[in-house]
Amino acid sequence: MMTQIVLILSWAAILGSGLIAGVFFAFSTFIMPAFSRIAPEAGIAAMQSINSTILRSLFMPVFFGTAVCSLILAGLAIWQWSAPIGPFLLAGGAFYLIGVIIFTIVFNVPLNDALAGVQSDRSDAIAVWNRYVLVWTRWNHVRTFASAIACLMYLFAASLG
């Protein structure tokens, strides 16, 4: 019974972390570079719209649902450390919970909140936007890597389970 629960949660974590990695990859590789090449006013408006829309989208249940799966799997990994899948489940959980959830809360969300209050006609809007694109994208690269590695760890665990 426990093996089936671990397998189901592992596949949910594989799907969730893979989807999140894909979204982050898209932002890192073409969305943010495209936004950085358009007029700052347009980039600011587009990112403000994305940031408000994403909160009411299916992204959020996948983002946090994967965190719940990761937390449970990390706990099960510690409880069943001697099992061959234990280190992979713990690594997947650590990469997702720290590299995705914690880093999002600590780094990307405050940048999003600061951008939400920017009026594109303010004298400092261009400087704020340029810093936002640079710093937000750097941290997004970290989140992309972390979610992809989490997905890989969960795939290894599922293949052993």
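Any read-out appearing in this document is the output of simple, stated calculations on the displayed coordinates, not a laboratory observation. Given the structure is predicted, the values throughout are model-derived calculations rather than measurements. Here the Cβ positions follow ideal geometry from the backbone for every residue, glycine too, while neighbour counts run over all protein chains shown.
Key figures
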{"item": "Cubic angstrom per residue, convex hull over Cα atoms of the range 103-161", "result": "70"}
{"item": "Full-extension gain in nm, Ile38 to Asn130, via 0.36 nm per residue minus C-alpha separation", "result": "32.0 nm"}
{"item": "The chain: angle of helix 86-96 to the longest principal axis, Cα-based, in degrees nearest 10", "result": "10"}
{"item": "Inter-label distance for Arg138 and Ala114, nm, one decimal - labels placed 7 Å from Cα along Cα-to-Cβ", "result": "1.1"}
{"item": "Options (1) 60, 24, 22; (2) 53, 27, 25; (3) 51, 32, 27 - which one matches Cα extents along the principal axes in Å as calculated here", "result": "(1)"}
{"item": "Relative contact order (%) - criterion: Cα under 8 Å, at least six apart; region: the range 2-160", "result": "42"}
{"item": "Ordering of 112-119, 9-16 by burial proxy (mean other Cβ atoms within 10 Å per residue, highest first)", "result": "9-16, 112-119"}
{"item": "Projected label distance in nm at Ser52 and Val106, using a 7 Å step from Cα toward the beta-carbon", "result": "3.0"}
